[in-house]
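The block underneath contains the structure these notes are about, expressed in C-alpha coordinates.
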Amino acid sequence: MSIKHRLVVMNFLQLFVWGSWLISLGGYMIVTLKFTGGQVGSIYATMGIASLFMPAVLGMVADRWVNAERVLGACHLVGAASLLMASTVTDFGSMYFLMLLNALVYMPSIALNNAVSYTVLEKHSFNIITTFPPIRVWGTIGFIAAMWTVDLLG
(Lines give C-alpha, C1' and ligand atoms only; values in the text may rest on other atoms or scores of the structure.)
Protein backbone atom coordinates (compact mmCIF):
# COMPACT_ATOMS: atom_id res chain seq x y z
CA MET A 1 0.00 0.00 0.00
CA SER A 2 1.39 3.40 -0.93
CA ILE A 3 2.24 5.96 1.72
CA LYS A 4 -0.63 8.20 0.62
CA HIS A 5 -3.11 5.36 1.00
CA ARG A 6 -1.75 4.51 4.44
CA LEU A 7 -2.17 8.15 5.50
CA VAL A 8 -5.72 8.16 4.10
CA VAL A 9 -6.53 5.12 6.25
CA MET A 10 -4.93 6.73 9.32
CA ASN A 11 -6.89 9.97 8.86
CA PHE A 12 -10.12 8.06 8.16
CA LEU A 13 -9.76 6.02 11.34
CA GLN A 14 -8.65 9.03 13.41
CA LEU A 15 -12.01 10.73 13.01
CA PHE A 16 -14.05 7.53 12.60
CA VAL A 17 -13.33 6.89 16.28
CA TRP A 18 -14.71 10.29 17.26
CA GLY A 19 -17.77 10.07 15.01
CA SER A 20 -18.66 6.66 16.41
CA TRP A 21 -19.66 8.10 19.79
CA LEU A 22 -19.80 11.91 19.67
CA ILE A 23 -23.35 12.34 18.41
CA SER A 24 -24.98 9.19 19.81
CA LEU A 25 -23.53 9.50 23.33
CA GLY A 26 -25.86 12.32 24.37
CA GLY A 27 -28.98 10.35 23.54
CA TYR A 28 -27.59 7.28 25.29
CA MET A 29 -26.84 9.24 28.46
CA ILE A 30 -30.26 10.94 28.55
CA VAL A 31 -32.49 8.04 27.48
CA THR A 32 -30.68 4.99 28.85
CA LEU A 33 -28.64 6.34 31.78
CA LYS A 34 -31.20 9.02 32.76
CA PHE A 35 -28.56 11.75 33.14
CA THR A 36 -29.74 15.36 33.35
CA GLY A 37 -28.99 17.89 30.64
CA GLY A 38 -26.41 19.55 32.90
CA GLN A 39 -24.63 16.26 33.46
CA VAL A 40 -24.56 15.49 29.74
CA GLY A 41 -23.29 19.01 29.04
CA SER A 42 -20.52 18.68 31.61
CA ILE A 43 -19.39 15.40 30.05
CA TYR A 44 -19.25 17.02 26.61
CA ALA A 45 -17.38 19.98 28.16
CA THR A 46 -14.49 17.65 28.97
CA MET A 47 -13.45 17.94 25.31
CA GLY A 48 -13.10 21.70 25.63
CA ILE A 49 -11.16 21.38 28.87
CA ALA A 50 -8.78 18.83 27.37
CA SER A 51 -8.38 20.87 24.18
CA LEU A 52 -7.03 23.83 26.14
CA PHE A 53 -3.79 22.24 27.31
CA MET A 54 -3.34 18.59 26.33
CA PRO A 55 -2.27 19.13 22.69
CA ALA A 56 0.56 21.36 23.93
CA VAL A 57 1.56 18.97 26.73
CA LEU A 58 1.65 15.85 24.60
CA GLY A 59 3.12 17.82 21.70
CA MET A 60 6.09 18.68 23.93
CA VAL A 61 6.40 15.04 24.95
CA ALA A 62 6.36 14.00 21.27
CA ASP A 63 8.90 16.70 20.35
CA ARG A 64 11.38 15.99 23.13
CA TRP A 65 11.21 12.48 24.52
CA VAL A 66 9.05 10.02 22.57
CA ASN A 67 8.39 9.96 18.84
CA ALA A 68 4.97 11.17 17.73
CA GLU A 69 3.90 7.81 16.31
CA ARG A 70 4.29 6.14 19.70
CA VAL A 71 2.52 8.95 21.55
CA LEU A 72 -0.31 8.76 18.99
CA GLY A 73 -0.55 4.98 19.44
CA ALA A 74 -0.54 5.26 23.24
CA CYS A 75 -3.27 7.93 23.08
CA HIS A 76 -5.48 5.66 21.01
CA LEU A 77 -4.90 2.66 23.28
CA VAL A 78 -5.79 4.64 26.41
CA GLY A 79 -8.75 6.20 24.61
CA ALA A 80 -10.02 2.79 23.49
CA ALA A 81 -9.76 1.45 27.02
CA SER A 82 -11.59 4.46 28.47
CA LEU A 83 -14.41 4.18 25.90
CA LEU A 84 -14.71 0.45 26.52
CA MET A 85 -14.98 1.04 30.27
CA ALA A 86 -17.42 3.95 29.72
CA SER A 87 -19.74 1.57 27.90
CA THR A 88 -20.14 -0.44 31.11
CA VAL A 89 -20.72 2.30 33.70
CA THR A 90 -24.09 3.69 34.71
CA ASP A 91 -23.25 6.44 37.19
CA PHE A 92 -22.40 10.03 36.35
CA GLY A 93 -19.14 10.23 38.31
CA SER A 94 -17.55 7.25 36.60
CA MET A 95 -18.78 8.34 33.17
CA TYR A 96 -17.43 11.85 33.70
CA PHE A 97 -14.01 10.56 34.75
CA LEU A 98 -13.76 8.10 31.86
CA MET A 99 -14.88 10.63 29.26
CA LEU A 100 -12.47 13.19 30.69
CA LEU A 101 -9.67 10.63 30.38
CA ASN A 102 -10.78 9.90 26.82
CA ALA A 103 -10.78 13.62 25.98
CA LEU A 104 -7.35 14.08 27.56
CA VAL A 105 -5.86 11.53 25.17
CA TYR A 106 -8.07 12.01 22.10
CA MET A 107 -7.83 15.79 21.68
CA PRO A 108 -4.02 15.81 21.32
CA SER A 109 -4.20 12.83 18.97
CA ILE A 110 -5.75 15.06 16.30
CA ALA A 111 -2.68 17.32 16.25
CA LEU A 112 -0.35 14.32 16.53
CA ASN A 113 -2.09 12.72 13.55
CA ASN A 114 -1.42 15.85 11.51
CA ALA A 115 2.19 16.04 12.69
CA VAL A 116 2.82 12.41 11.77
CA SER A 117 1.20 12.97 8.36
CA TYR A 118 3.32 16.05 7.68
CA THR A 119 6.52 14.30 8.73
CA VAL A 120 5.84 11.25 6.57
CA LEU A 121 4.90 13.36 3.54
CA GLU A 122 8.00 15.51 3.95
CA LYS A 123 10.21 12.43 4.37
CA HIS A 124 8.88 11.06 1.07
CA SER A 125 9.40 14.43 -0.69
CA PHE A 126 5.72 15.25 -1.19
CA ASN A 127 4.49 18.85 -1.28
CA ILE A 128 2.54 19.03 1.98
CA ILE A 129 0.43 22.00 0.87
CA THR A 130 -1.02 20.17 -2.13
CA THR A 131 -0.84 16.56 -0.92
CA PHE A 132 -2.22 16.71 2.64
CA PRO A 133 -5.69 18.32 2.13
CA PRO A 134 -7.05 15.45 -0.04
CA ILE A 135 -5.69 13.01 2.54
CA ARG A 136 -7.18 14.94 5.46
CA VAL A 137 -10.64 15.11 3.91
CA TRP A 138 -10.83 11.35 4.45
CA GLY A 139 -10.91 12.10 8.18
CA THR A 140 -14.14 14.01 7.70
CA ILE A 141 -15.49 11.17 5.56
CA GLY A 142 -14.56 8.76 8.37
CA PHE A 143 -16.43 10.89 10.90
CA ILE A 144 -19.55 10.93 8.71
CA ALA A 145 -19.28 7.21 7.96
CA ALA A 146 -19.10 6.43 11.67
CA MET A 147 -22.15 8.58 12.46
CA TRP A 148 -24.16 6.94 9.68
CA THR A 149 -23.06 3.48 10.76
CA VAL A 150 -24.07 4.05 14.39
CA ASP A 151 -27.36 5.71 13.42
CA LEU A 152 -28.35 3.09 10.86
CA LEU A 153 -27.47 0.21 13.18
CA GLY A 154 -29.46 1.78 16.01
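The values are calculated or read from the model by the stated rules, or taken from the named source; none is laboratory data. These figures come from a predicted structure and were not determined experimentally. Using ideal geometry, Cβ is built from the backbone for each residue, glycine included, and neighbour counts are taken over all protein chains shown. Surface areas here come from the heavy atoms of the whole protein model, side chains and all, with no ligands, DNA or RNA. Shrake-Rupley method; radii C 1.70, N 1.55, O 1.52, S 1.80 Å.
Please compute the contact order of the chain in relative form: average sequence separation of alpha-carbon pairs under 8 Å and at least six residues apart, divided by the residue count, as a percent.
Computed value for the chain: 45 percent relative contact order.
Treating the angle as unsigned and between 0 and 90°, give the value, to the nearest 10°, between the Cα long axis of helix 68-86 and the longest Cα principal axis of the chain.
20
Report, to the nearest whole %, how much of the accessible area of the chain belongs to carbon and sulfur atoms, 1.4 Å probe, protein only.
After summing per-atom areas, the C and S share lands at 71 percent.
Mind checking the per residue accessible area of segment 44-108 for me, 1.4 Å probe, whole number of Å²?
Result: 54 Å² of accessible area for each residue.
Hey, got the Cα dimensions of the chain along the principal axes, in Å, largest first?
Extents along the principal axes: 53, 37, 21 Å.
Please state the charge dipole magnitude for the chain, taken about the Cα centre, from unit charges on C-beta atoms (+1 on K and R, -1 on D and E), reported in debye and rounded to the nearest 20.
Value, rounded to 20: 240 debye.
Please report, to two decimal places, log10 I(q)/I(0) for segment 104-152 at q = 0.17, 0.23, 0.32 Å⁻¹ as given by the Debye formula with identical point scatterers on the Cα atoms and no solvent.
One equal scatterer on each Cα of segment 104-152 leads to -0.62, -0.88, -1.10.
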